[in-house]
1. Looking at the stretch 12-30, can you tell me whether even one residue there is closer than 28 Å to Gly87 by Cβ, touching a Pro at 6+ places or on another chain (Cβ under 6 Å) and touching a residue at least 12 places away in the same chain (Cβ under 8 Å)?
2. Can you tell me how many residues within the stretch 22-68 are hydroxyl-bearing (Ser, Thr, Tyr), out of contact with any strand residue (DSSP E or B) (no Cβ under 9 Å at 6 or more places or on another chain) and closer than 21 Å to Gln5 by Cβ?
3. So which residues in the stretch 40-66 are without any contact (Cβ under 8 Å) to a residue 40 or more places away in the chain and closer than 15 Å to Ile23 by Cα?
4. Consider Glu72 against the criteria (1) touching a Ser or Thr at 6+ places or on another chain (Cβ under 9 Å); (2) at pLDDT 60 or above; (3) crowded, with 18+ Cβ neighbours inside 10 Å; (4) within 13 Å of Ile33 (Cα to Cα): it satisfies all of them except one. Which criterion is unmet?
5. For residues that are aliphatic (A, V, I, L, M) and surrounded by fewer than 18 Cβ atoms within 10 Å (Cβ to Cβ), scanning just the stretch 1-11, find the one that is farthest from Glu81 (Cα to Cα).
Amino acid sequence: MEITQIRVFPVHEEKLKAFVSVILDDCFVVSDIKIIQGTSGLFVSMPSKKRKNGTFRDIAHPLNNETRRRFEEQIIARYREVMAESGGEAPAPLRELDDGPELETSQSEPTTHGSESTDEDSTLP
């Protein structure tokens with residue numbers, strides 16, 4: 001699977017820096033990806049859906065750290081290019097990902113939604 005196009009739509013907010021759409025293999029698009037300014041740097045928040053109990057659950061996300069790292073690196077690099085081309089603010093560094101266990105969801109840092117998923121939410125249906 002290859003990222004063949006990354007579209008970045010900058011947003012001028014304190015934590016939310018941009019919306020992103022990614023095209024995979026020139027045939028599949030994932031939209032509503034967000035670039036967030038976290039406490040340890042920029043990170044990518046995958047598209048999510050608000051549940052009845054008020055928590056958020058990712059609706060599309062990488063299944064392992066290697067894929068997550070590859071997505072984040074390419075998305076953040078494209079974001080930096082767009083910001084440099086437009087003369088925007090200097091982007092923050094990319095947060096560091098550890099080589100921990102495989103990921104089940106992408107809620108590794110809180111997003112701007114203000115709530116985190118619980119262990120109960122991290123299992124797939």
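1. Within the stretch 12-30, one or more residues are closer than 28 Å to Gly87 by Cβ, touching a Pro at 6+ places or on another chain (Cβ under 6 Å) and touching a residue at least 12 places away in the same chain (Cβ under 8 Å).
2. 1
3. Residues satisfying the conditions are Pro47, Ala60.
4. All conditions are met except number (1).
5. Met1
Conditions (1) in contact with a Phe, Trp or Tyr (Cβ under 7 Å, 6 or more places away or on another chain); (2) modelled with pLDDT of 95 or more; (3) buried (at least 16 other Cβ atoms within 10 Å of the Cβ), marked per residue:
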residue	(1), (2), (3)
Phe28	no, yes, no
Ala60	no, no, no
Arg78	no, yes, yes
Ala84	no, no, no
Glu96	no, no, no
Thr105	no, no, yes
Ser108	no, no, yes
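The values are calculated or read from the model by the stated rules, or taken from the named source; none is laboratory data. Only a predicted model underlies this, so the values are computations on that prediction, with no experimental measurement involved. Note: ideal-geometry Cβ built from the backbone for every residue, glycine included; neighbour counts use all protein chains shown.
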